[in-house]
Structures are given as structure tokens and as C-alpha cells.
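Reading through the C-alpha cells given below for one structure.
The values are calculated or read from the model by the stated rules, or taken from the named source; none is laboratory data. Note that this is a predicted model, so its numbers are computed, not measured. Note that each Cβ is placed from the backbone with ideal geometry, even for glycine, and that neighbours are counted across all protein chains shown. Note: accessible area is taken over every heavy atom of the protein model, side chains too, but ligands, DNA and RNA are not part of it. Shrake-Rupley method; radii C 1.70, N 1.55, O 1.52, S 1.80 Å.
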Amino acid sequence: MATAFLKNYKQSPRKVRLVADTVRGKKIKDAQVVLDFMPKRAALPIKKLLDSAIANAKANGESLETLVVKEISVQKGIVAHRWMPKWRGMAHAIKKRSSHVKIVLGEGKPSKKEAKKAAKEAPKSTKKVTKKITKKSE
């Protein structure tokens, strides 16, 4: 399992979760392609974070072909409070939100196509196992 963290990313968690939800459960190659063509601002930092997690997996000696995005979570980071002057001497609060993103890569189960392909390539045994059922006479 390879992990990577992105802390205090200056965008609200609600917006970052839209991007994170599209990548969750995908193979790493598919996730990279999706993030390349996604028209959201959070796509580039999440792609960099995914690349970092892939580099961590490579350093740990894991096989990259079977890795999937097991978990990607977006949590609330620090909130900076700013003030906007309004009418009659008042001021309204503006909350500048940030996000913490955590990504976990892990071994995924192969898709149905890959399982069929592996079954075809696997050597077949020549012996057939037969099972005889005997009935008990009463």
C-alpha cells in the first residue's frame, strides 16, 4: 500500500471532492487519463498527488500494473477568516477554506476481461477429475 498526502490545498473540500469521486476505484493509468482531461482546478494537484503515490509504490517495490486507487479522502483543512466591508459600517465574514487530501493505492482485483485472458493463458491440466456419487441402498 502506497500513500500520499496533500495538506492545506487552498480550495474548498466540496469542490475538491467532485474530482476525487471520479478517480476513486480506478486503475492508476485510467485515473491519470481522467485527471488529464478534467476541466476542474483541483484536477492538476490531485494528479500530482497521484504521481507522488505512484512513485512511493515504485520505491516500495510494488507492481504498478495491478494498483488501483483504493481510497481517496478529502477532509476539511484550516479556514482563514477575512472581512468584507458592507453598508452602514458593518462587515461580513468571508471564509477562505482549504482541504487535506489523502490518497491510498492498493492491489485491486482484476477485471473480468483480465481474468478471462489469464485463464486462457494458464496451462491446462490433461487429467480430468471425476467424482462418483454412490447411492446408499436402503
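Checking each residue in region 53-82 for being under 18 Å from Gln11 (Cβ atoms) and without any contact (Cβ under 8 Å) to a residue 60 or more places away in the chain picks out Ile72, Ser73, Val79, Ala80, His81, Arg82. Of all residue pairs spaced 6 or more apart or on separate chains, those with beta-carbon atoms under 6 Å, a first member in region 1-30 that is farther than 13 Å from Lys47 by Cα and a second member that is open to solvent by 100 Å² or more (accessible area, probe 1.4 Å) and assigned to a strand (DSSP E or B) are Ser12/Arg97; Pro13/Lys76.
Here's a check for you: in region 22-39, which residue that is assigned to a loop (DSSP other than H, G, I, E, B) and over 21 Å from Glu62 (Cβ atoms) is farthest from the chain's Cα centre (by Cα)? So the residue we want is Pro39. Looking only at region 1-20, filter to residues that are open to solvent by 60 Å² or more (accessible area, probe 1.4 Å) and modelled with pLDDT of 95 or more; which one of those is nearest to Lys102 (Cα to Cα)? The selected residue is Phe5.
For region 64-100: of the residues being open to solvent by less than 50 Å² (accessible area, probe 1.4 Å) and of a type in the set (S, T, N, Q), which is farthest from Lys7 (Cα to Cα)? Checking each candidate, the answer is Ser73. Out of Ala115, Ala119, one residue alone is in a helix (DSSP H, G or I), within 30 Å of the chain's Cα centre (by Cα) and either at pLDDT 95 or above or surrounded by 10 or more Cβ atoms within 10 Å (Cβ to Cβ) (or both). It is Ala115.
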